[in-house]
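The values are calculated or read from the model by the stated rules, or taken from the named source; none is laboratory data. Note that the structure is predicted; figures quoted are calculated from it, not measured. All Cβ positions, glycine included, derive from the backbone under ideal geometry; neighbour counts span all protein chains shown.
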Amino acid sequence: MSEVILRADNLFKHYPIKAGVLRRTVGYVKAVDGVSFDLHKGETLGIVGESGCGKSTLARLLVGLEEPFRSHADKREGSGRLLYGDVDVTRLSGAAWRRARRDIQMIFQDPYTSLNPRKTVGDIVAEPFHIHPDVVPAAQRRAKVQELLDLVGLNPEHINRYPHQFSGGQRQRIGIARGLALNPKILVCDEPVSALDVSVQAQVVNLLERLQQELGLAYIFIAHDLSVVRHISDRVGVMYLGTMAEIGDEDQIYSRPTHPYTQALLSAVPVPDPTLRNSRDQIVLTGDVPSPANPPAGCRFHTRCWRAQDRCEVEVPQLIMRPDGAGDHASACHFAEVRQVV
């Protein structure tokens, strides 16, 4: 395994709930609640889960658009580190944080709202150079922008066009070009193909794979489409209600899942072959997803889990390797076991 380039260590993000005339804090929405993982150099780590499980909030934490929540008593203390190499970037500020952010860039979900409609493509892609003027001299920026547009498969001569003159797939390529402007080592892709047509999705995914090979990038690839994640990812993490339920290599997660939630997700993936579709072991979850403002005690999945026992209601399972034939990767389940899902 290659070196660890990014390490999330027990990240939290809680949003206060205000009520009353005095707007006092009466609770917290626990969007991200103790997530940990490693990202290795040059690999793609896929993050999957239902809507509202905290994927996008995690992405914003990784690029500094949100600050980790450290403690209800004192936000300066407590857990929640994001290590880039040996440096905890959550403790940086000012110029030091701006320098560190060059290496961690983001591609946003919606190409229709992530680009300023009043700016030309050239201005949009060149914006990082104004924030970091030492990266590319002013006289060379136009040529650099055209080089980036060509790199992502766009016509460099369209540098003076506006976002509304491009299709959705082309707009997402513009977003990718902007993300590559500072020569980052890590790209956080927050559902970059979910707003695109299926055929265009494949083109953008293939582009990301080519750029990864050419530039040696590492990806955090967040999506709810399990098929897309399987195609592009080396490892996969499964989130549920702000926590990491299971994490392992792509083949481990898709062929030998051990957490009941992962097994239920995989059983819901559409299968075009009617023979396989009729013979598959489909898992239908009961009940609704609990509110992140009031998550269940113990294992957060126990209210919907067919495997739950008394222990699950009181004891929080740790994301660790499970013995006794429960696969060879980490799972946050007291009673993890391999279950084949066609």
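Okay, here's what the table says:
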{"read-out": "Hits in segment 187-215 - residues which are surrounded by fewer than 17 Cβ atoms within 10 Å (Cβ to Cβ), among the acidic types (Asp, Glu) and more than 16 Å from Asp234 (Cβ to Cβ)", "value": "Asp197, Glu214"}
{"read-out": "Every pair of residues 6+ apart whose Cβ atoms lie under 6 Å, when the first sits in segment 44-64 and is within 8 Å of Ile222 (Cβ to Cβ) and touching a residue at least 40 places away in the same chain (Cβ under 8 Å) while the second is among the small types (Gly, Ala, Ser) and part of a strand (DSSP E or B)", "value": "Ile47/Gly237"}
{"read-out": "Some residue of segment 66-77 being closer than 26 Å to Pro296 by Cβ, assigned to a strand (DSSP E or B) and among the aromatic types (Phe, Trp, Tyr)", "value": "no"}
{"read-out": "Matching residues, segment 112-145, being within 23 Å of Glu209 (Cβ to Cβ) and polar (S, T, N, Q)", "value": "Ser114"}
{"read-out": "Matching residues in segment 182-198 - criterion: being assigned to a loop (DSSP other than H, G, I, E, B) and either closer than 16 Å to Pro111 by Cα or free of Cβ contacts under 8 Å to residues at least 60 places away in the same chain (or both)", "value": "Glu191, Pro192, Val193, Ser194, Ala195, Leu196, Asp197"}
{"read-out": "In segment 224-258, the residues that are hydroxyl-bearing (Ser, Thr, Tyr) and outside any loop (DSSP other than H, G, I, E, B)", "value": "Ser227, Tyr240, Thr243, Tyr254, Ser255"}
{"read-out": "Sole exception among (1) in contact with a strand residue (DSSP E or B) (Cβ under 8 Å, 6 or more places away or on another chain); (2) farther than 25 Å from Ala223 by Cα; (3) in contact (Cβ under 8 Å) with a residue 40 or more places away in the chain for Pro117, by number", "value": "(1)"}
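So that you can scan it fast, the table gives a plain yes or no per residue for (1) at pLDDT below 90; (2) over 24 Å from the mean Cα position of the chain (by Cα); (3) in a loop (DSSP other than H, G, I, E, B); (4) of a type in the set (Phe, Trp, Tyr):
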site	(1), (2), (3), (4)
Leu276	yes, yes, no, no
Gly287	yes, yes, yes, no
Cys312	no, yes, no, no
Glu337	yes, yes, yes, no
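Matching residues to (1) over 23 Å from Thr113 (Cβ atoms); (2) over 29 Å from the mean Cα position of the chain (by Cα):
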residue	(1), (2)
His130	no, no
Ala139	yes, yes
Leu148	no, no
Val152	no, no
Asn160	no, yes
Pro163	no, no
Ser167	no, no
Arg171	no, no
